[in-house]
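A.B. asks: Dumping the structure here so I can ask a few things about it.
The values are calculated or read from the model by the stated rules, or taken from the named source; none is laboratory data. Note that the structure is a prediction, hence the values are computed from the model and not measured. Neighbour counts run over all protein chains shown; Cβ positions are idealised from the backbone, glycine included.
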Amino acid sequence: MTHDNDSTRREKSTESVVFSMFLVLVFLSPLPLGSNRPWAWSILEVGTFFLTGLYFFSHLGEGKSFGGIFREHFSQVFLLFLWTLVPLFQIVPLPASLLAVLSPATVDVNRFAGVEGGTLTISLDKTATLVEWIKYFSYFLAAFLVFTVARTRERLRLLAWTLLLSGVFQSVFGMFVYFTGPEDMSWWLTDNRQWVHGTYINRNHFAGLLELTIPLGFGLLLGWMRSSGIQGSFSEKLLHLAQNLSSRYGVVSSLLVLMFVALFLSQSRGGSLALVVSLLLVVALAHFRRRKSTRERRLILPVLIVSLIAGGWMGLSLLTDRFKGGTEILEQSGRVEVHRETTNMASHYPLFGTGSGTFRFVFPIYRTEKVQKFNDHAHNDFLEFMSEQGLLGFGLFGAAFLSSWLTMARRYLRRRDPFARGLLFAALTGTLSISLHSLVDFNLQIPANAYYFWILTAMGLQAAVVPHASLHPGRHGKGRREKTTTSFPSELSRRESS
């Protein structure tokens, strides 16, 4: 018995260390240019692999099954895992005769390069595809860490705060550089102070980070709000508002306004529009709840209005000017033509694509005179996945995401626990916003943003089954343990699925 207790304490201690280190890694990942440099994403990958290995090491010899951890999310986790295997499949040597059936265009390209017969791979650049697989698997492991070491309400809350504060730091830093313009930071950042971009090179990817983190602020506020509005005279409502502004509500609301202003000053049309539309859509979704609530509407609209006013005072006109010339700018940038030719490229490799990470090498073959500059990416994540991974990879990615989103949406409509609803709101809004933005940009090709995307998705899935607060011991209770998600579903169904 003593040995078992010591083993349990050691396991919990190791999990606490892994979770704490995971929070540090999550916060730091956007700092080095969104981890969009080989040395930066290598640090992110090594850190994630190390923490996962440490977690497994702490459970060696226990014969512990991880099936219970994924029981409630088996289909989503399985689909995501299969998607991470697509790049590995693309670098498996296949007989040229078989590849001629699976991907004739790949054989033609190899023949043009003087390579015929023997064995060939689906990927036209095995090294680039292997690099991409390591990225994808690190995203999967990040979601795995959420499922394993962030199972409790308190840890989910700490993770939400970490993501939110990461967005706050990026906003504060970006606005500091934008308004003060220190010359001695050009060694790290591009010398561009026309817009706010934080530690990112591209303002649209900075906007992508805020799209993923701003909703968490709303999620925390939703978890704290009362279920109904404050009744009474105007003076009583004013007094209540003043009290809120000086409390945690006011602090988080102020941080949200600051982040919105930074988003607007980034002048990212896609990011700003995608987030506002996503917020309004998920607020509208709340009207289909069995148990009606006006929390979302009472919270979101005032913050948006204040943010627009503050943004207008600090330079929102720059963003509105970019919206006015939207179509013309898209045509001048050649983005529409890039989309068209990427679609053409995907049609030649319909089933398995050209190989993950190979877009930059293959697209020049399809580039027309209308596309003046070199394109690393397609400026449309879905088209890029289709061209690189074909119907196989695109289908698995889409199935994993849609299955996760619909699961979160169903639980959002049924759950009564304010904390869980808040996290579900954040996950639904953030992932939907990035998906909309991905129609015109490539945030999911930026390691830090893709990392946050799958972490937020995993948090939403955890929030779907995390135990209700009433199932936990009170704050002053002693000697009772918090229940975990593995014992919860039946109780959740009984109490919340009226």
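A.B. asks: Just to be sure before I move on: is Phe397 within 18 Å of Leu82 (Cβ to Cβ), part of a helix (DSSP H, G or I) and under 18 Å from the mean Cα position of the chain (by Cα) in the structure I sent?
C.D. replies: Yes; evaluated as a whole, the condition is true for this residue.
A.B. asks: Only one of these is modelled with pLDDT under 95 and touching a Ser or Thr at 6+ places or on another chain (Cβ under 8 Å): Glu11, Glu45. Name it.
C.D. replies: Glu11
A.B. asks: Here is a follow-up. Give Leu391, Leu402, Leu413 a once-over and let me know the one that is over 20 Å from the mean Cα position of the chain (by Cα), in a helix (DSSP H, G or I) and without any contact (Cβ under 8 Å) to a residue 60 or more places away in the chain.
C.D. replies: After ruling out the rest, the residue left standing is Leu391.
A.B. asks: Run Glu341 past the list (1) at pLDDT 75 or above; (2) more than 26 Å from Gln170 (Cβ to Cβ); (3) loosely packed, with under 15 Cβ neighbours inside 10 Å and report the number of the one that doesn't hold.
C.D. replies: Among (1) at pLDDT 75 or above; (2) more than 26 Å from Gln170 (Cβ to Cβ); (3) loosely packed, with under 15 Cβ neighbours inside 10 Å, Glu341 violates only (3).
A.B. asks: Filter segment 334-370 down to the residues that are under 24 Å from Pro447 (Cβ atoms) and either among the basic types (Lys, Arg) or free of Cβ contacts under 8 Å to residues at least 40 places away in the same chain (or both) and list them by number.
C.D. replies: Arg335, Phe359, Arg360, Phe363, Pro364
A.B. asks: Continuing with this model, one more query. When segment 103-147 is examined, which residues are found to be among the polar types (S, T, N, Q) and either at positive phi or surrounded by fewer than 22 Cβ atoms within 10 Å (Cβ to Cβ) (or both)?
C.D. replies: Result: Asn110, Thr119, Thr121, Thr127.
A.B. asks: State whether the residues of segment 139-161 include one that is without any contact (Cβ under 8 Å) to a residue 40 or more places away in the chain, touching a Ser or Thr at 6+ places or on another chain (Cβ under 9 Å) and of a type in the set (A, V, I, L, M).
C.D. replies: For segment 139-161, residues without any contact (Cβ under 8 Å) to a residue 40 or more places away in the chain, touching a Ser or Thr at 6+ places or on another chain (Cβ under 9 Å) and of a type in the set (A, V, I, L, M): absent.
This table checks each residue for (1) surrounded by 16 or more Cβ atoms within 10 Å (Cβ to Cβ); (2) modelled with pLDDT of 95 or more; (3) in a helix (DSSP H, G or I); (4) in contact with a Cys (Cβ under 9 Å, 6 or more places away or on another chain).
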position	(1), (2), (3), (4)
Leu23	yes, yes, yes, no
Phe27	no, yes, yes, no
Trp41	yes, yes, yes, no
Phe49	no, yes, yes, no
Phe56	no, no, yes, no
His59	no, no, no, no
Gly63	no, no, no, no
Phe70	yes, no, yes, no
His73	yes, no, yes, no
